[in-house]
Amino acid sequence: MLMKAEKKSEPASAENDMPVLTLNGVTKTFPGVTALSEVSLELFPGKVTALVGENGAGKSTVVKILTGIYQPNGGQIEIDGSPIRFPTAQDAGDAGVTAIHQETVLFDELSVAENVFLGHAPRGRFGLIDTSVMMDRAREILEGIGANIEPRTKLKDLGIANKHLVAIARALSIDARVVIMDEPTAALSQKEIEELYELVEELKTQGKAILFISHKFDEIFRIADSYTVFRDGALVGNGAIADVTEAELVKMMVGREVSQIFPNREHNTGDEILVVEGYEHPTEFADISFTLRRGEILGFYGLVGAGRSEFMQSLFGITRPSAGEVTIDGEREIIRSPADAVGKGIVYVPEDRGRQGAIAALPIFQNVTLPSLGRTSKNGFLKLAEEFKLAREYTERLDLRAASLDTDVGNLSGGNQQKVVIAKWLATQPKVIILDEPTKGIDIGSKAAVHEFMAELAAEGLAVIMVSSEIPEVLGMSDRVIVMREGRIAAELSGDDMAPETLVRHAAGI
Amino acid sequence: MTNTARFIPDRLESPLERRLKSWETLLLAVAVGIFIVNSFTSPYFLNAWNLSDMTFNFTEKAMIAFAMALLIIAGEIDLSVASIIALASTAMGAAVQVGVGTPGLVLIGLGVGLICGAFNGFLVTKMGLPSIVVTIGTMSLFRGISYIVLGDQAYRGYPSDFSFFGQGYVFWVISFEFVLFAIIALLYFVILHKTNFGRAVYAIGNNAIGAEFSGIRVARVKFILFLLTGLMSGIAAICLTSRLASTRPSIAFGWELEIVTMVVLGGVSILGGSGSIPGVVIAAFVMGLVTFGLGLLNVPGIVMSIVIGLLLIGVIALPRLWEKWRA
């Protein structure tokens, strides 16, 4: 804060008063939805503007408009005060707007330098790519951001953090004046995040205007100079970050004061339903043993990469464990495939909803009945009436919002897709349901609904395993928590031991 | 929660409405159009026996095309089908030389088809190899065996009752092959559109990982599809060998592309996930009508393949252009 105050007292140079890029009353509609309605945004040279809002608030739409992927239906984009249009991504790049995306789009089989310069490689004679110039310039840019990466390396040989640096180098390879960072720290470790902050400071001194999109308040308050809040596609507030508190930002984002409230649950658990002993995998996890009771919610906490999802997928039959035993309802079982797992009463709601959870191009009712076709059919022949009945029963229970049960799942919002996946599994009448990051990427309202529903399921006697990286969620929902670290169980906590500090300590191994 | 739930209708559009707007309807219109044009351009076209002859242009290929449609919908492909015909026909021809009778020949034809299909299926599902590579390989392998066995020779001397499969008539102008084609079409219609297995095929083609995560045994379904494609190639081999009454290693050369063309023309997405059996049936007739109509006008074969190629591109491109123009 002190530093910021000092900076503010510096005499503002002339160009600092004039925004590089301005959005003026920009509107974007899609058939049936207004993604943005008359929003305005100003980005100043040498300043970081944080763009905050819930999922679906329109942040990504703004990024896509600024990078020429979407065309606004109304309003104006201005650069240095004069109106401009970005009919293609190329035009946005030419105007000096570049973006570092949440999920970076890079190419594994190409070299680092080729990735950096893809689409605008330096040309030599006959219009061919001048490889040596490209390598030199790539090295220059990488050194400029403190990345010690050889430009000739193939991208696939780099770790995730270095790949991210390549993505940043790519964004800087065009002579950018405006840099958009869309949740740049989502996949980074604490050390890498620190390095990114340094990079942001460096970009600021170079006079670049930065639009910083993040869900993490600590980093917003650390690096942003000003903020802009969107809610439901509209601008609800902006100003200097020094003049606002975290609570005020949250209130603007959700339109009400939010304290995370978890449903009150009676912790009355029943018989042992699942016993896992000595589950092991050559590279992902080792020595996993625990028990689970009916009506219990067992939380699995750990850092990203602790092997939680890998273990759950192995329990669900996706990958084979090298050793270990499972007992379900007193019976020793061998699970070789998801089909086996479903048959034995274990189901898994994956974190990667789009790829693993739902089949986007099939209608809702077919998604719901897919694992239950044995029950809705007769001698292997489909009975559509039965399918609609089963699908209706479970989707209505989850309060699904959809035009019809014949609608393709791909046309639903993320939260509703998640409901279809959960409905699909509940329809199999499972004994154990594994929820892997069930509220990731869902807005606050839907989150509460999922939590309430989990409590309801447990109350009905279903055993729930919840993998989550959000400490409030883990503590608020679980009867017991298992903390994993580097593929092993670091601690099993219950009762008063379930405290945020304890979780973090065990997860980090300190 | 239950009392707050809102009612979600089953469908907004009746199945009939959807069918009217479908690809199959467009294709049927094309087929009828070609039929009408043909009947004006040649006086020989509207003749029961000529029309019956016309069906031989597509019956054998279509039998394989149905199985291929399922395979392509599931996101795989089998380019070795024509070579399976060659190998199965060669095996039958060799068996004839040592005096095997018609029932034995049929079993050999079906057996070779199944073995070849199982081999493809094994390489794709157990070894995890891409089907396009595997079946380009087995395409050369299977036909290569035929060439080694036969060289520039031909097998003849098939028993006279063996000729029924390719040359026999069940009733008046209705050939055995056409009846077989109709039965197989119906069978595949039921398998794809009315059974759990068919649903699994669509699910796999749209998202194989999602299907696996939904408890579908993806590898097993794909293996069965390769088996079916091999089996249908065996059946086609019996019909074709019977019709030609001889086996050369070049038998059915190039059919794999005509079969894939038929499947794609029938509205099956080459990327997998969508398509229907009625579409493939109509596409079979369209291709049969075009080649036969042009044949009656003495158009050379090479021009026919140009016309089929243009038809394929045209029928695929038109709806896209229409969509673009509307948007």
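Using only Cα atoms, tell me the angle between helix A:414-426 and the longest principal axis of chain A; keep it within 0 to 90° and round to the nearest 10.
Approximately 10 degrees, to the nearest ten.
If the label point is 7 Å along Cα→Cβ of B:Val170, which residues in the stretch B:63-77 have backbone nitrogen under 16 Å from it?
Within reach of a label on B:Val170, which here means backbone N under 16 Å from a point 7 Å along Cα→Cβ, the stretch B:63-77 contributes B:63.
Taking the alpha-carbon centroid of each part, what is the distance from the stretch A:403-458 to the stretch A:47-125 in angstrom?
One Cα centre to the other: 33 Å.
Just add up the charged neighbours of A:Arg294: K/R +1, D/E -1, any other residue whose Cβ is under 12 Å from the Cβ of A:Arg294.
Combined, the nearby Lys, Arg, Asp and Glu give -4.
Please report the antiparallel percentage of DSSP beta bridges with both residues in the stretch A:363-510, rounded to the nearest 5.
60 percent
Dipole size in debye (nearest 20) for the stretch B:23-312 around its Cα centre, Lys and Arg Cβ +1, Asp and Glu Cβ -1?
Using only the charged Cβ atoms, the result is roughly 440 debye.
How far apart, in nm, are the 7 Å Cα→Cβ label points at A:Glu277 and A:Ala403?
Label-label distance for A:Glu277 and A:Ala403, simple model: 5.4 nm.
Could you pull out every residue, at least 5 positions away or on a different chain, whose amide H is within less than 5 Å of the one on A:Ala35? Hs are placed 1.01 Å off N in the peptide plane, and Pro or chain starts have none.
Amide H to amide H, under 5 Å and 5 or more residues apart or across chains, A:Ala35 pairs with A:Lys28, A:Thr29, A:Phe30.
Which ³J(HN,Hα) values in Hz, rounded to whole numbers, follow from the phi angles of the stretch A:116-124 under the Karplus curve 6.51 cos²θ - 1.76 cosθ + 1.60, where θ = phi - 60° and Gly and Pro get x?
Calculated HN-Hα couplings, in order: 4, 9, 4, x, 9, 5, x, 9, x Hz.
Given the DSSP H assignment, sum -39500 (n - 2.57) over each helix run of at least 4 residues in chain B and divide by its residue total; what's the result at 222 nm in deg cm²/dmol, nearest 500?
-23000 deg cm²/dmol
Which whole number gives the average, over all residues in A:336-348, of C-beta atoms from other chains lying within 10 Å of the residue C-beta?
3
Can you work out ³J(HN,Hα) from phi for every residue in the stretch A:40-46, in order, using Karplus 6.51 cos²θ - 1.76 cosθ + 1.60 and θ = phi - 60°, giving whole Hz and x for Gly and Pro?
In residue order, the calculated couplings are 10, 7, 10, 10, 9, x, x Hz.
Loop only by DSSP, 16 or fewer other Cβ within 10 Å of the Cβ. Give me the chymotrypsin sites (Phe, Trp or Tyr not before Pro) in the stretch B:1-90 that pass, ordered by residue number.
Those that pass, being in a loop and sparsely packed, are B:Phe7, B:Tyr44.
With unit charges on the beta carbons (Lys and Arg positive, Asp and Glu negative) and the dipole taken about the Cα centre of the protein assembly as shown, which residue among B:Gly266, A:Gly144, B:Phe162 sits farthest to the positive side?
Of the candidates, B:Phe162 comes out farthest on the positive side.
If you take every residue apart from B:Ser233 with its C-beta less than 11 Å away from the C-beta of B:Ser233, what net charge results, scoring Lys and Arg +1 and Asp and Glu -1?
Once all neighbours under 11 Å are counted, the net charge is -2.
Just to be sure I understand the model, the point goes 7 Å from the Cα along the line to the Cβ. What's the resulting A:Ser132 to A:Asn148 distance in nm?
Placing both labels 7 Å along Cα→Cβ, they lie 2.7 nm apart.
When only alpha-carbon atoms are used, what values of Rg and Dmax, in angstrom, describe the stretch A:365-476?
Considering the stretch A:365-476 through its Cα atoms, Rg and Dmax are 14.6, 48 Å.
Tell me what chain A gives for mean residue ellipticity at 222 nm when only DSSP H runs of n ≥ 4 count, each as -39,500 (n - 2.57), the sum divided by the residue total, rounded to 500 deg cm²/dmol.
-9500 deg cm²/dmol
I'd like the mean, over residues of A:495-501, of how many other protein chain beta carbons sit within 10 Å of each residue's own Cβ.
The mean count of partner-chain Cβ atoms within 10 Å per residue comes to 0.
Is there a simple number for the mean count of other chain Cβ atoms within 10 Å of the Cβ of residues in A:356-368, and what is it?
If you average over the peptide's residues, the count of other-chain Cβ atoms is 5.
Using Stokes-Einstein with the Kirkwood hydrodynamic radius over Cα pairs, what translational diffusion coefficient do you get for chain B at 20 °C and a viscosity of 1.002 mPa s, in µm²/s rounded to a whole number?
In µm²/s, the coefficient is 102.
Using θ = phi - 60° and the Karplus form 6.51 cos²θ - 1.76 cosθ + 1.60, what ³J(HN,Hα) does each residue of the stretch B:173-179 get, whole Hz, x for Gly and Pro?
Running phi through 6.51 cos²θ - 1.76 cosθ + 1.60 with θ = phi - 60° gives 8, 7, 7, 4, 4, 5, 5 Hz.
Tell me the net charge near A:Gly307. Cut-off is 13 Å between Cβ atoms, A:Gly307 excluded, with +1 for each Lys or Arg and -1 for each Asp or Glu.
-3
Kindly give Rg over Rh for the protein assembly as shown, based on alpha-carbon atoms, with the Kirkwood expression for the hydrodynamic radius.
Result: Rg/Rh = 1.03.
How far is helix A:160-173 tilted, in degrees, relative to the longest principal axis of the Cα atoms in chain A, given as a value from 0 to 90 rounded to the nearest 10?
30 degrees
Starting from the amide H of A:Ala99, placed 1.01 Å from N in the peptide plane, find each other amide H under 5 Å away whose residue is 5 or more places distant or on another chain.
A:Ile180
For the peptides A:224-237, A:381-394, what is the packing order when you average, over each peptide's residues, the other Cβ atoms within 10 Å and list the highest mean first?
Order by mean packing, descending: A:224-237, A:381-394.
Using the Cα centre of the stretch A:187-331 as origin and beta-carbon charges of +1 (Lys, Arg) and -1 (Asp, Glu), tell me which of A:Ala209, A:Ser309, A:Phe262 is placed farthest towards the positive end of the dipole.
A:Ala209
In degrees, nearest 10, range 0 to 90: what is the angle between the Cα axis of helix A:131-144 and the longest Cα principal axis of chain A?
The two axes meet at around 80 degrees.
Only bridges whose two residues both fall in the protein assembly as shown count here: according to DSSP, what percent of them are antiparallel, nearest 5?
That works out to approximately 60 percent antiparallel.
With +1 on each Lys and Arg Cβ and -1 on each Asp and Glu Cβ, and nothing else charged, work out how big the dipole of the stretch A:436-510 is about its Cα centre, in Debye to the nearest 20.
280 debye
Using the Cα centre of the protein assembly as shown as the reference point, and only Cβ charges (+1 on K/R, -1 on D/E), how large is the resulting charge dipole? Debye, rounded to the nearest 20.
The dipole of the protein assembly as shown has a size of about 2980 debye.
Using Cα centres only, tell me the gap between the stretch A:268-302 and the stretch A:348-396 in whole Å.
Cα centroid to Cα centroid, the span is 28 Å.
Determine the alpha carbon to alpha carbon distance for each of A:Lys216/A:Lys431; A:Lys47/A:Lys447; A:Lys378/A:Lys424; A:Lys216/A:Lys424; A:Lys47/A:Lys191 and list only those over 25 Å.
A:Lys216/A:Lys431; A:Lys47/A:Lys447; A:Lys216/A:Lys424
Taken together, the values in this text are just the output of simple stated rules run on the coordinates, not laboratory data. Predicted model only: the values in this text are computed from it and were never measured. All Cβ positions, even for glycine, are placed from backbone atoms using ideal geometry, and neighbour counts span all protein chains on display.
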